[in-house]
Amino acid sequence: MAVTAGVDIGSTTSKALLLKGDDILVSVIGQSSTNPAKTAREVYDRCLTEAGIKEEDVDYVVGTGYGRAKVPFAHTNVSEISCHGKGAHFFLTDVRTVVDIGGQDTKAIMVDDKGNLLDFAMNDKCAAGTGRFLEMMVRTLEIELSELADLHFQEGEPCTIGNMCSVFAESEVINLVNEGTSLPRIIKGLHISLASRIAALTKRMGVEPELVITGGVAKNKGVIDALQKKLNLKPRSLPENIDPQIIGALGAAIIAAGKMPQSPSG
Ligand code: ADP
């Protein structure tokens, strides 16, 4: 059975994944750098080592993400928009809308019953509406990204973050802290502000059920909760053991498998 790889060089993180048939052999996540080719090599090598597979035994490699053209060992590259559709469809065949919330851009993606791209809308001009917005806020609040979800579900009415611009929203957060506003109230307000942006983007494209959220920000259940309320639609869940951040790399590996003769996904 063919072994294929997906290497997703995002603006914030780089992901690599090895696929054999329907089995994900291994996936790794690393920080992106100013040298995408080197980062691609590093995450791919970590994958090969962890899976105990030699590079020559990988049949086809697809690069994707922001730095997709800079994966020197890839046979070809494909836009991450198509890859997220294919990756989400691998687990959830009835999904028609994929919302990929990454570090520097967010995409609402419409797919057909095979996970093929039909349409998309994208926000990449502004930090608000992307993972960067929350990264800035956790730095200001001196907390970790991984704490956001717990804080979101603690008691307290969400406060209103009036400014859509991340720079002004940051000043607003500093004021709220100085006024003694509780952290859960601020975090809920931030999640609602982010979700408003993303919901508007998704609605612009058209929300077709079922919907799933992918990308690194999907690890934050507080954002999922806020988005669910804004869209009035419960997003489908990926399997518990699957990190939503690797869905683009998975889609790339699936597309790679489609390049193989007699591939089941082909
Ligand atoms: P890209 O592909 O654009 O590099 P990713 O899909 O890897 O982006 O997502 C990166 C974003 O994921 C970061 O900006 C960060 O906000 C968010 N993120 C990463 N890990 C976590 C976590 N454990 N909890 C909440 N958010 C996270």
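Size check on the stretch 153-266: the Cα extents along the three principal axes, sorted descending, read 64, 27, 27 Å.
Subtracting the Cα-Cα distance of Thr34 and Lys203 from their residue separation scaled by 0.36 nm leaves 57.4 nm.
Could you check what % of the DSSP bridge pairs in the chain are antiparallel, to the nearest 5? Intermediate results must be reported in sequence, preceding the final value.
Details: 26 of 38 bridges.
In the chain, DSSP labels about 70 percent of beta bridges as antiparallel.
Based on every Cα atom in the chain, Rg and the maximum pairwise Cα distance Dmax equal 18.7, 64 Å.
Looking at the stretch 100-220, I'd like the Rg to Rh ratio, where Rg is from alpha-carbon atoms and Rh is Kirkwood's inverse mean 1/r.
Working: Rg = 15.1 Å, Rh = 15.0 Å.
Radius of gyration over Kirkwood radius for the stretch 100-220 works out to 1.01.
The helix-only estimate of mean residue ellipticity at 222 nm for the chain, built from DSSP H runs of length n ≥ 4 each weighted as -39500 (n - 2.57), is -12000 deg cm²/dmol after division by the residue total. Looking at Leu250, Ser11, Tyr44, which one has the Cα that reaches farthest to the positive end of the dipole of the chain (charges on Cβ: Lys, Arg +1; Asp, Glu -1)? The residue sitting most towards the positive pole is Ser11. Given +1 at the Cβ of Lys and Arg, -1 at the Cβ of Asp and Glu and no other charges, the dipole of the stretch 89-165 around its Cα centre is 340 debye to the nearest 20. Rounded to the nearest 20, the size of the Cβ-charge dipole of the chain about its Cα centre is 580 debye, with Lys and Arg at +1 and Asp and Glu at -1. Just to be sure I understand the curve: with the Debye formula and one point per C-alpha of the stretch 7-105, what is log10 I(q)/I(0) at q = 0.13, 0.21, 0.23 Å⁻¹? Values returned for q = 0.13, 0.21, 0.23 Å⁻¹ are -0.44, -1.13, -1.30. In this label model, Asp112 and Thr93 are separated by 1.6 nm, measuring between points 7 Å along each Cα→Cβ vector.
Using alpha carbons only, how many degrees (0 to 90, rounded to 10) separate the axis of helix 36-51 from the longest principal axis of the chain? For 36-51 against the chain, the angle is about 70 degrees.
Building the convex hull from the alpha-carbon atoms of the stretch 215-266 and averaging its projection over directions returns 4.5 nm². With 25 Å as the limit on Cα-Cα distance, the pairs of Lys20/Lys114; Lys203/Lys229; Lys20/Lys203; Lys15/Lys221; Lys70/Lys219 that go past it are Lys20/Lys203; Lys70/Lys219. Each of Met122, Asn77, Ala88 was placed along the dipole of the stretch 58-128 (beta-carbon charges, centred on the mean Cα), and the one lying farthest toward the positive end is Asn77.
Every number here is computed from the coordinates shown, using simple stated rules; none is lab data. As the structure is a computational prediction, the values presented were derived from the model and not from experiment. Quick reminder, even Gly has a Cβ in these numbers, built from the backbone with ideal geometry, and neighbours come from all protein chains shown.
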